[in-house]
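Encoded as structure tokens, here's the structure I'll be asking about.
The values are calculated or read from the model by the stated rules, or taken from the named source; none is laboratory data. Every value quoted in this text rests on a predicted model; they were computed, and no experiment measured them. Quick reminder, even Gly has a Cβ in these numbers, built from the backbone with ideal geometry, and neighbours come from all protein chains shown. Surface areas here come from the heavy atoms of the whole protein model, side chains and all, with no ligands, DNA or RNA. Shrake-Rupley method; radii C 1.70, N 1.55, O 1.52, S 1.80 Å.
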Amino acid sequence: MSKLKTALLASFAALLATNASAADDLTQRVDEIFKDWARTDGPGCAVTVSQDGKTVLERAYGMADLEQGVANRPDTVFNIASLSKQFTAVSLLLLQEQGKLSLDDDIRKYVSEVPDYGTRITLRHLANHTSGLRDLPEILSLGGWNWVDAVPQKKALDAIARQKNLNFAPGSQYLYSNSGYYLMAVIVERVSGQTFGEFTRDHIFQPLGMLHSRFYDDRRMIMKSRAIGHMKLPGGGFGVWRPTYEIVGDGALLTTAQDLQIWARNFLEPKLGRHPQQLLADMTQAGVLNDGKKIDYALGLSVEIYRGSPAVSHGGGIPGYATFMLHLPEQKFASIVLCNVGGGPARKAAGAIADIYLEGKFPNGPEAPAARSRENGPTKAERQPTVAQLQKLAGTYYSEELDASYILSVDGDHLVATVGYEPPAPLFAIEGGGFYNDDGNATLQFSGNGFEMSSGRVQGLKFKRTSRR
């Protein structure tokens, strides 16, 4: 062997060793992020990372099923919650490309069950979260529903159809609403003649090779290698969470971190539809309000700036799962974190992984991105009402929009609200009149023979008193 050839081989071997050492260092730094979840007595996460369209890391931590003693793997199937929304948006774009609908169509053309509010609501309003429609899970929750109650499609449609008002005029504001994405899935079914699961299988998952992806539209469904959802218990440890929520479109995609990397590659080299580049451009175009102001939400995706670089992202969170996908187009980078525990570290971890792999490559350096400001909650009144004043408010109040009754009673020196089988919730007086619940996410304003309730994504629900206590 010539000296030159020997030197080249030695140089190549040294390069390989250096690259392997660098990769090992990156892996160790990612492992450090998940050190609290790398355990056999708790749930955890699956992680994949890609650069330049190639997967560079696959890791898994914790248990997929504590009852059966099964560990998470990169190919474990997770319920990705609202991370599913981008696939619902793509479904509408594919049907628009086929000439079967337009995002500027009035939604009542396809779902006449939605009341006529005297103003036009378009499919684009649904997709941008600018429709003003009240949020479906919050409507159900305020009516006494919880995440273990089955919700068939008819119940969901009936709940939306009962709403007499919008939160705001369509296109005037942005407010995240799952109702829009649920209705989008219904529209896909009615226009295509297929179930939503069948349409996404035939037009998205199979063409891309995402063979372990399927919408959870039947709670009897068997899905191999599925991670069971878990939640933290108040006294410590974890409990099992098995959803029976059968509504799709706003969430409920079962998939793997590996399949989602296939999806991430589609952002670099689009393949879906007849005009893939145009479809991707439409999907990632920021929404615009009536006054011309752009919002940081496109179609099923947030479009923001991360450390000075354009970012496309979305997260998902339900009681048993937490998920996040971060895609940085300029760096051709994607980090995906799927966790089978409510409140898991998915969002924070996906950003931390990007910081590790792209260290020194962000325009704004290593400083953390600014956190979004949040409005302060209601201000507690300095003087709480007397027991006699509270007794005058006690009684049963009915909401036609929720099809539910609230029982208000006095417990000690507090007004207490009970709905369905939910535990009683104490109410506290706020400055300016009215009451708020212990979590601070719902307010009640009394007037005449009833009250009006607002709670985050649901504004202005009307209640009438039906009896006194």
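Given H placed on each backbone N at 1.01 Å, which residues far from GLY450 in sequence or on other chains put an amide H within less than 5 Å of it?
Amide H to amide H, under 5 Å and 5 or more residues apart or across chains, GLY450 pairs with ARG465.
What is the helix-to-structure angle for 346-357, meaning the angle in degrees between its Cα long axis and the longest Cα principal axis of the chain, kept from 0 to 90 and rounded to the nearest 10?
Once rounded, the angle reads 30 degrees.
Going by average Cβ density within 10 Å per residue, which order do the peptides 232-239, 91-98 take, highest to lowest?
Most protected by this proxy first, the peptides run 91-98, 232-239.
Shifting gears a bit: Under a straight-distance cross-link criterion of Cα-Cα below 24 Å, which lysines are reachable from LYS294, leaving out those fewer than 8 residues away in the same chain?
In chain and number order, the partners are LYS85.
To continue, here is another question. When the Karplus curve 6.51 cos²θ - 1.76 cosθ + 1.60 is applied with θ = phi - 60°, which whole-Hz ³J(HN,Hα) does each residue of region 163-174 get, with x for Gly and Pro?
For region 163-174, the Karplus curve yields 6, 8, 9, 9, 5, 6, 5, x, x, 8, 9, 10 Hz.
Mind ranking 178-189, 65-76 by how tightly packed they are, going by the mean number of other C-beta atoms within 10 angstrom, highest first?
With the highest mean Cβ count within 10 Å placed first, the list reads 178-189, 65-76.
Given the whole protein assembly as supplied and a 1.4 Å probe, what does the accessible area of LYS464 come to in Å², nearest 10?
150 Å²
What residues have an amide H closer than 5 Å to that of PHE215, excluding those fewer than 5 places away on the same chain, when H is modeled at 1.01 Å from N in the peptide plane?
Excluding prolines and chain starts, which carry no amide H, the hits are LEU254.
Report the gain in length on full extension from ASP413 to LYS348: 0.36 nm times residue separation, minus Cα-Cα distance, nm rounded to one decimal.
19.3 nm
If you don't mind, another one. Less than 12 Å Cβ to Cβ from LYS462, Lys/Arg counted +1 and Asp/Glu -1: what total charge do the surrounding residues give?
+1
Sticking with this structure for a sec: So for the chain, considering every pair of alpha-carbon atoms, how many percent are separated by more than 35 Å?
39 percent
Sort out for me the Cα centre separation of region 137-166 from region 272-316, rounded to whole Å.
Going from one Cα centre to the other spans 29 Å.
What net charge is computed for the residues neighbouring VAL341, neighbours being all others with C-beta under 14 Å from the C-beta of VAL341, Lys and Arg scored +1, Asp and Glu -1?
Here the count lands on +2.
Separate question: By average Cβ neighbour count within 10 Å, what is the ranking of 300-307, 329-336 from highest down?
329-336, 300-307
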